[in-house]
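Written out below as structure tokens is the structure these notes cover.
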Amino acid sequence: MKVGLVLPQGPQEGDGASWAEIAGIARQAEAGGIDSLWVYDHFLYREASEPEVGFHEAWTLLSALAAVTDRVELGTLVLATSFRPAGLLAKMAATADDVAGGRLILGLGCGWHEPEYQAFGYPFDHRVGRFEEALRVIVPLIRGERVTFKGTWSAVEDAVLIPPPRRRSMPILIAAKGERMLRLTARYADAWQTAWFVLPDDRFGKRHDDLLAACEAEGRDPGMLELTVGVDVSDAQEGAHLPLNAQAIADGLAAWASAGIGHLQIGMPMTTPATVDVVLDGIRRHRGS
């Protein structure tokens with residue numbers, strides 16, 4: 001099972017992580033044996049009962065990470081297709097994958113946090129319908145095809161990526177839990193992502209069963225779809241998470257590997273050199289090294 005780390009992009013202490021801090025953590029994690037590094041795609045969180053927070057932009061960070069790392073896969077967890085025109089997103093993915101030497105995992109989703117849509121002027125309606133149309137443009141483009149498509153919300157005419165994508169096998173990961181999104185995952189994706197969890201439980205089991213049903217409906221062999229999961233790790237006293245303890249992390253990784261997960265992403269509210277060291281220790285213990 002591969003294990004990845006979600007990098008800090010927003011508030012931790014003070015104003016949040018700087019690029020220098022993010023790059024340092026990325027290098028530390030890569031040197032320590034992590035398999036992948038992940039960025040999420042949000043402008044801000046705005047809830048009436050909580051302080052407003054914002055985040056560094058995902059693609060800019062990902063492109064910079066591609067230039068300062070050598071081995072790890074780089075993934076988006078996940079890009080909201082509604083934030084960028086579909087053709088442009090495909091072009092950006094092909095370019096970033098080339099910069100990274102063929103290490104990009106293109107994680108996609110339909111978005112969910114309405115306040116950031118309102119703040120930055122994006123429509124929030126018909127998100128799954130818009131997402132499906134975006135996939136009908138993005139997927140064939142990054143596979144090296146020419147695309148003409150006219151839908152309700154997306155339209156391209158004889159679009160093509162030049163220079164062509166470095167590889168036509170760039171993996172597409174879709175985050176999904178609803179029926180329509182799971183059907184799209186079964187139809188288009190190479191990997192399915194669900195989050196956030198602690199250990200395999202009935203809730204995860206139900207989502208997995210729903211995915212299997214979607215694969216059956218789409219005529220997709222579920223064995224061809226990699227299972228990935230996001231797992232929370234924290235030293236907080238309250239909330240559902242794996243403890244920030246190397247042995248607890250190792251035991252949790254073993255449980256998820258036994259559940260058939262192929263790639264696990266660890267997220268932490270405080271991602272610092274010290275907490276990353278604990279995670280890396282947990283991974284080493286899991287792998288017996």
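Values quoted throughout were computed directly from the atomic coordinates according to the rules given, and no laboratory measurement underlies them. The shown structure was predicted, so the numbers you read here are calculated from the model rather than taken from an experiment. In this analysis, Cβ positions are derived from the backbone assuming ideal geometry, glycine residues included, and neighbour counts consider all displayed protein chains.
Listing for the model above:
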quantity	calculated
Net charge, ALA274 excluded, C-beta distance under 12 Å - Lys, Arg +1, Asp, Glu -1	-3
Highest-fluctuation residue, THR60, THR194, THR152 considered, GNM on the chain with Cα pairs under 10 Å	THR152
Principal-axis tilt of helix 202-218 within the chain, Cα atoms, nearest 10 degrees	20
Length-normalised contact order of the chain in % [C-alpha pairs under 8 Å, at least 6 apart]	17
Cα-centred dipole magnitude for the chain, charges only on beta-carbon of K, R (+1) and D, E (-1), debye, nearest 20	1020
Lys/Arg +1, Asp/Glu -1 at C-beta; the chain dipole; positive extreme among LEU106, ALA259, LEU5	LEU106
Linear extension gain, GLU47 paired with ARG27, 0.36 nm per residue minus alpha-carbon span	3.9 nm
Segment ALA195-ASP277, extension gain: residue separation times 0.36 nm, minus the distance between their alpha carbons	27.2 nm
Cα lying deepest toward the dipole's positive end in the chain, options PRO171, TYR40, ALA66, charges on Cβ	PRO171
Separation of the THR152 and ASP70 label points, Cα + 7 Å toward Cβ, nm	5.0
Count of lysine pairs in the chain with Cα separation under 25 Å (8 or more residues apart, or interchain)	4
Contour minus Cα-Cα distance for TRP19 and ALA236 (0.36 nm per residue)	75.6 nm
Exposure proxy order (Cβ contacts within 10 Å, fewest to most) of PHE120, PHE197, PHE204	PHE120, PHE204, PHE197
More than 26 angstrom apart: percent of Cα pairs within region 135-289	42
Estimated distance in nm for a label pair at ARG180 and ASP251, the labels positioned 7 Å out from Cα along Cα-to-Cβ	4.2
GNM top mover of ALA20, ALA48, ALA214 - the chain, alpha-carbon springs below 10 Å	ALA48
Label-point gap, in nm, between ASP221 and TRP112 - each point 7 angstrom along Cα→Cβ	3.1
Per-residue [θ]222 nm for the chain (sum of -39500 (n - 2.57) over DSSP H runs n ≥ 4, rounded to 500)	-12500 deg cm²/dmol
Cα Rg over Rh - the chain, Kirkwood	0.95
Alpha-carbon Rg with Dmax, taken over region 203-289, Å	15.2, 46
Choice from GLY87, GLY260, GLY121 showing the highest fluctuation, given a GNM over the chain with Cα pairs closer than 10 Å	GLY121
Antiparallel DSSP beta bridges within the chain, as percent of all bridges there, nearest 5	15
Considering only region 1-143, percent of DSSP beta bridges that pair antiparallel, nearest 5	15
Cα centroid of region 90-109 to Cα centroid of region 115-168, whole Å	15
Hz values of 3J(HN,Hα) by residue in region 100-105 - Karplus curve (6.51, -1.76, 1.60), Gly and Pro given as x	7, x, x, 10, 7, 10
